[in-house]
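Taking it in order: structure first as structure tokens, then the write-up.
What follows draws every value from the coordinates through simple rules; no lab data is involved. Remember, it's a predicted structure, so these values are computed and weren't measured experimentally. Neighbour counts are summed over all protein chains in view; Cβ atoms, including those assigned to glycine, are modelled from backbone coordinates with ideal geometry.
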Amino acid sequence: MVSGMSGRDVGRRNAEIFEVWVRARREANDWAGYIAKGHLHRPKIAAECGFGATVVRQNPAVAARLAELEDELGQEGVLTPLEAPWTNVAIDQLDDGRASARARQIATLQARIDQLEAEVAALRSRNAALEGNLMRHDLWERHLLETGRVLR
């Protein structure tokens with residue numbers, strides 16, 4: 001915290017710094033460097049503003065202004081409605097070329113997920129069988145030790 005300032009004062013100052021940053025970006029119109037996965041990249045914004053990444057989430061004024069800014073940029077077409085590929089995407093919101101590419105990407109990722117899930121199930125089954133064999137081996141070894149018939 002800046003010495004001599006209360007937490008509220010620091011919060012107001014951070015909100016003002018963020019607003020100055022927004023105005024500078026609007027003038028430069030260089031949003032492309034700040035977009036990641038369909039949203040503004042918060043850690044990069046925080047670093048440029050000179051405060052911690054938690055300010056963007058925890059300062060109510062900054063968080064509200066950032067959400068408002070993302071809505072504005074979405075309406076302007078700067079931010080696209082892309083979501084993570086494993087979530088439900090409203091493909092009809094995208095234009096035709098991107099919709100089919102997005103559908104192919106989702107289908108490819110879903111096939112990969114299905115393949116990995118099958119592989120995990122097979123490995124779990126094999127692991128259970130091997131653990132059973134190990135338990136039987138341990139029982140035999142303990143029995144042979146107790147009866148004095150250890151093979152050397």
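Using a simple spin-label model with pseudo-atoms 7 Å out from Cα toward Cβ, Arg13 and Ile106 lie 4.7 nm apart.
Regarding the range 1-80, what is the average projected area of its C-alpha convex hull, in nm²? Intermediate values should be presented prior to the final figure.
Working: hull surface 20.0 nm².
Computed as one quarter of the Cα hull surface, the answer is 5.0 nm².
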